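Here's the structure, in C-alpha cells; my notes come after.
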Amino acid sequence: MKSLTSYPLEIGNVVHDVLEAFLRRLQKSDSDIDERRFIGFARQKAQDYFSSKTFIEDYYESLDAPSFDEAFAKISKCLDNFIKSPCFSWIFMKAITNKENWLIEPPGFGETRLNGLKAYCKMDFLFPVGDEFHILDWKTGNKDRYKHSNQLIGYAAATHNNFNVPWKDIFPKIVYLYPEFEEFELDLKEDVSLFFDKVKRQTEEMYAFCADVNQNIPLPIEAFALSPSKSACTFCNFQELCFSKKGFPKTNGEVF
C-alpha cells in the first residue's frame, strides 16, 4: 500500500520531470525547442512511469481510471500551455541571462527552518533576475489560492532563510498549466507573521499526537479518530486498513 500512487499525482510528476529536463537542457543550450521531440520525450517518460506503478484507482476500484491516452492528453496540454505562455518567453529572454545560478528541483526534501521550526519547502524553480529572486511552482491540478498562498510564503521564507535574500527581493509565483495557463503571484508585502503563527500552531497539533516528539513516535492508533472524508480518504494509500477494499461507507450508508 505504501507504494501506491494516483493518476493525478503521476500526471503532475511527469510534467514536473519534463520541465526539469527542459530547464537543465536550457542551461546548456538556448537553441529553439523541437516541440515534436519535446512531446515525444514526455510520452516516453509517461509510458515508463505508468507501466511501472500501481495506482490507487486500480487497486481500490473506487474511481474511474483514465486510459493512458486520456492521461497523456492532459500531460500534453500542460506542456503545450507552457510552451505557448508568456512565462516560457520570459525565461528565454530574462532568466536565461543568469542561468548558471538557477536552482532546479534541488535534491532532498528542501529542509529549512521557519522561526526555528523544521519545515520542508522543496520549490520547483528558483532563479535570480538582477537583484530579484523569482520562484516558480508548477501546478497541474485544481486551483486552491488559499493553500497555494501558504505554500508560496513557505518557499519565500526558505529563500530568505537559506540564502539570506531580503523579503522585498523575493517574488514567488504559482504557474497553473491546466486547463489553461494562468499565473498567481503572491504579494509578500502582506504580513507573513500569520503564516509563521499557523506553522507553529499546526506543529504543536502534530506534537500532540506523538508519544515521543524527538523520536517521532506516534501515540497508539486508538488516539487517532476515524473520520471518513471522501476528499481525504479516496486518495489515501492505506484506506484498506480502515475500510473494505471495495470502498468505505458514506454517512448515508452508500459507498464511495
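Okay, here's what the table says:
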| quantity | calculated |
| --- | --- |
| Test: ASP69 is surrounded by fewer than 18 Cβ atoms within 10 Å (Cβ to Cβ), out of contact with any Leu (no Cβ under 7 Å at 6 or more places or on another chain), assigned to a loop (DSSP other than H, G, I, E, B) and without any contact (Cβ under 8 Å) to a residue 24 or more places away in the chain | no |
| Test set (1) modelled with pLDDT of 95 or more; (2) over 28 Å from CYS236 (Cβ atoms); (3) charged (D, E, K, R) - ASP34 fails condition number | (1) |
| Lone unmet requirement of (1) free of Cβ contacts under 8 Å to residues at least 12 places away in the same chain; (2) surrounded by 13 or more Cβ atoms within 10 Å (Cβ to Cβ) for LYS74 | (1) |
| Strands (runs of 3 or more DSSP E) enclosed by region 80-190 - at least 3 residues per element that are of a type in the set (A, V, I, L, M, F, W, C) and more than 22 Å from PRO8 (Cβ to Cβ) | 125-129 |
| Residue match in region 142-154 (condition: under 23 Å from PHE181 (Cα atoms) and in contact (Cβ under 8 Å) with a residue 60 or more places away in the chain) | no |
| Matching entry among ASP30, ASP58, ASP64 (being part of a helix (DSSP H, G or I) and surrounded by fewer than 16 Cβ atoms within 10 Å (Cβ to Cβ)) | ASP58 |
| Some residue of region 171-191 being more than 30 Å from ILE104 (Cβ to Cβ) and at pLDDT below 85 | yes |
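The values are calculated or read from the model by the stated rules, or taken from the named source; none is laboratory data. No experiment lies behind these values; they were computed from the predicted model shown. Every residue, glycine among them, receives a Cβ derived from its backbone with ideal geometry; neighbour counts consider all protein chains shown.
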